[in-house]
Amino acid sequence: MIVSELLLIYLLEVGEVLHIAKSGRVIVKLSQKVNSGDILVDSKGKKLARVVELIGPVKAPYASAIPMTDKINKYVGTKIYRGGGRRR
């Protein structure tokens, strides 16, 4: 019997896509800490944006992120996640 390794991708909800700025960047209202360079994904793990800047007050931060998909507008108002990597 061959046992294959199971890889699970787990996600951590970090906030909600608030809107798309005139510059084209994605503005995310954060509920969890993120770092510059983090990749933000949807609930299925699809890469949506890369965080480039944290803005706003410490108690209510926002992230400015560069979109990684052309269809980013359909994600406005939806939850966004930080991929936690892969676990075996």
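Please treat every number below as a calculation from the coordinates, not as lab data. This one's a predicted model, so the numbers in the text were calculated from it and none came from an experiment. Positions of Cβ are backbone-derived with ideal geometry, glycine not excepted, and every protein chain shown enters the neighbour counts.
Arrange 53, 16 by Cβ neighbour counts within 10 Å, fewest through most, would you? Provide the component values of the computation, followed by the final result.
Values: 53 11, 16 16.
Ordered by Cβ neighbours within 10 Å, fewest first: 53, 16.
In plain terms, the bigger the Kirkwood radius, the slower the diffusion; for region 24-87, with that radius from Cα pairs, at 25 °C and 0.890 mPa s, Stokes-Einstein puts D at 206 µm²/s. Exposure proxy ranking for 12, 48, 40, based on other Cβ atoms within 10 angstrom of each Cβ and starting from the fewest, stands as 12, 48, 40. Packing, taken as the mean count of other beta carbons within 10 Å per residue, orders the peptides 71-80, 23-32 from highest to lowest as 23-32, 71-80.
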